[in-house]
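Just below is one structure, and these are the notes that go with it.
Any read-out appearing in this document is the output of simple, stated calculations on the displayed coordinates, not a laboratory observation. Just so you know, these numbers come straight off a predicted model, no measurement behind them. Using ideal geometry, Cβ is built from the backbone for each residue, glycine included, and neighbour counts are taken over all protein chains shown.
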């Protein structure tokens, strides 16, 4: 319990990222065809239109990796107080969000891009917290 109290901001932010990316990554895996169809339409008028299947695969892997590393980070923080896996998870989460932001900007979906920023703020704050 002492470790949880000591690292509660980090753990709560990690759980936030786990929920975010595990759900998103699993949704992409479970509904691959539906996501691919929607994204092809979303990027139809962008320079990314011919890369949608590849990019969907890359973002799916990145999101699942973020959730896995964040999960490992929670266990590592609770067991030893070490921050390595947590930091990796937070950084991968930020990279995933930057990829999503890039895609939304390329698709000229500025409202979607603005939504990504809402997720980026706690993720980058977690990177900051884990540096110390």
(message) With just the Cα atoms defining each centre, how far is region 5-26 from region 88-105? Give it in Å.
(response) 15
(message) Using only the alpha-carbon atoms, how far is helix 110-130 inclined from the longest principal axis of the chain? Give it as 0 to 90 degrees, nearest 10.
(response) 20
(request) Arrange the following residues from fewest to most other Cβ atoms within 10 Å of their Cβ: 63, 82, 10. (result) 82, 10, 63
(message) Which one, 54, 39, 72, has the greatest fluctuation when you compute a Gaussian network model over the chain with C-alpha springs under 10 angstrom?
(response) 54
(request) For helix 84-106, report the angle its Cα long axis makes with the longest principal axis of the Cα atoms of the chain; keep it between 0 and 90° and round to the nearest 10°. (result) 20
(request) Sort 108, 33 so the one with the fewest other Cβ atoms within 10 Å of its own Cβ comes first. (result) 33, 108
(request) Consider the candidate values [x] -0.34, -0.84; [y] -0.40, -0.95; [z] -0.29, -0.89; state which one is log10 I(q)/I(0) by the Debye sum over Cα atoms at q = 0.10, 0.17 Å⁻¹ computed from the structure displayed. (result) [x]
(request) Take the chain, connect every pair of alpha-carbon atoms lying under 10 Å apart with a spring to form a Gaussian network, then pick out the residue of 11, 118, 64 with the largest mean-square fluctuation. (result) 118
(message) As I understand it, the value is the acute angle between the Cα axis of helix 32-42 and the longest principal axis of the Cα atoms of the chain; what does it come to in degrees, rounded to 10?
(response) 60
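Could you work out the helix-only [θ] at 222 nm for the chain, with each DSSP H run of four or more residues adding -39,500 (n - 2.57) and the total divided by the number of residues, to the nearest 500 deg cm²/dmol? If you can, show how the numbers build up before the last one.
Working: 6 runs with 112 residues, N = 132.
Estimated from H runs of four or more residues: -29000 deg cm²/dmol.
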(request) May I ask you to sort 37, 71, 93 by Cβ crowding, counting other Cβ atoms within 10 Å and putting the fewest first? (result) 37, 71, 93
(request) Just subtract the alpha-carbon distance of residue 78 and residue 46 from 0.36 nm times their residue separation and send over the number in nm, one decimal. (result) 7.1 nm
